[in-house]
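Since the structure comes first, as structure tokens, the remarks are kept for the end.
The values are calculated or read from the model by the stated rules, or taken from the named source; none is laboratory data. Note that the structure is a prediction, hence the values are computed from the model and not measured. Ideal geometry is used to build each Cβ from the backbone, glycine not excepted, and the neighbour counts take in all protein chains shown.
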Amino acid sequence: MTTSPANTRPEPRFFVLIPCAGQGSRAGTAKAKQYHLIDGLPMVRHTVQAFRALPDTFAAVWVVISPSDDDFLEIFPDFNQGNEVLLVGGGATRAATVLNGLKAMVEQPGGAALGDWVLVHDAARCLVTPEQIKALIRECRNDAVGGLLAQKLPDTLKTERDGRVASTLDRSDKWLAQTPQMFRIGALMDALQRAGDAVTDESSAMEAVGLSPRLVSGSAQNFKVTYPEDFALAEAIFERRRK
């Protein structure tokens with residue numbers, strides 16, 4: 001019996017891409033917020049550790065930093081070894097940074113294939129857990145499009161006009177997008193190139209080309225550390241997890 005090429009094709013691999021080139025001006029920190037200490041460690045160390053806790057899952061973990069970044073290797077001297085890759089290729093926007101990372105993944109000798117999966121995760125979502133990452137992979141690995149962690153909107157949602165409420169929106173079909181967001185590398189590269197720099201997450205790029213990513217239920221604790229008060233909340237969660 002002859003074996004078809006489809007049956008001899010290796011299983012797709014999983015890669016991680018962490019864009020780490022933003023400055024986080026809303027956080028009010030002296031350095032870029034991803035280097036601010038939370039629970040005694042720079043935020044990005046917590047982020048990377050969640051993926052390091054799944055060593056047999058990922059072919060490589062990529063972090064993309066800005067060309068002006070002098071801090072990453074100071075606080076992460078053990079990075080850029082083994083299956084961890086540091087790319088100095090941050091762009092002017094998140095979309096540009098992610099696209100630069102994806103192109104480098106594919107162009108690297110022996111690197112990623114277009115049919116492999118990539119999990120793109122915010123450096124500032126330092127509270128993600130290995131269990132949440134595994135749940136996303138489990139739900140999306142056989143999906144035709146891919147998907148993202150997200151949370152059903154718990155609050156009443158208002159629109160605003162001149163500082164006053166203009167209307168109340170139906171929240172029954174509203175979700176808060178989180179990361180990781182998991183898509184095939186080739187499909188995501190194509191979507192980002194076509195959607196342009198205006199998209200603020202990978203799902204938006206996939207939606208812009210007519211695809212519907214799967215929503216995978218996440219956790220309220222997987223929030224993006226953005227404002228000064230968020231640091232105290234993240235500290236409290238880490239302290240509670242230790243106990």
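Summary table below
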{"quantity": "Only listed residue being assigned to a strand (DSSP E or B), in contact with a helix residue (DSSP H, G or I) (Cβ under 8 Å, 6 or more places away or on another chain), touching a residue at least 12 places away in the same chain (Cβ under 8 Å) and among the polar types (S, T, N, Q), chosen from Gln193, Gln151, Gln181", "calculated": "Gln181"}
{"quantity": "Residue check for Thr156: β-branched (Val, Ile, Thr) and within 30 Å of Met105 (Cβ to Cβ)", "calculated": "no"}
{"quantity": "Subset of segment 52-74 [part of a loop (DSSP other than H, G, I, E, B) and within 18 Å of Leu119 (Cβ to Cβ)]", "calculated": "Ala53, Leu54, Pro55, Asp56, Thr57, Phe58, Ala59"}
{"quantity": "Test: residue in segment 84-101 that is under 28 Å from Arg242 (Cα atoms) and touching a strand residue (DSSP E or B) at 6+ places or on another chain (Cβ under 8 Å)", "calculated": "yes"}
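Residue-wise test of (1) buried (at least 17 other Cβ atoms within 10 Å of the Cβ); (2) at negative phi; (3) part of a helix (DSSP H, G or I).
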position	(1), (2), (3)
Asp78	no, yes, no
Gly82	no, no, no
Ala104	yes, yes, yes
Ala112	yes, yes, no
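Residue-wise test of (1) surrounded by 21 or more Cβ atoms within 10 Å (Cβ to Cβ); (2) closer than 21 Å to Asn222 by Cα.
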position	(1), (2)
Lys33	yes, yes
Thr47	yes, yes
Ala59	no, no
Val63	yes, yes
Asp70	no, no
Leu99	yes, no
Asp122	yes, yes
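Conditions (1) touching a Pro at 6+ places or on another chain (Cβ under 8 Å); (2) closer than 28 Å to Lys243 by Cβ; (3) at pLDDT below 95; (4) not in a loop (DSSP other than H, G, I, E, B), marked per residue:
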residue	(1), (2), (3), (4)
Phe15	no, no, no, yes
Gly22	no, no, yes, no
Arg26	no, no, yes, yes
Ala30	no, no, yes, no
His46	no, yes, no, yes
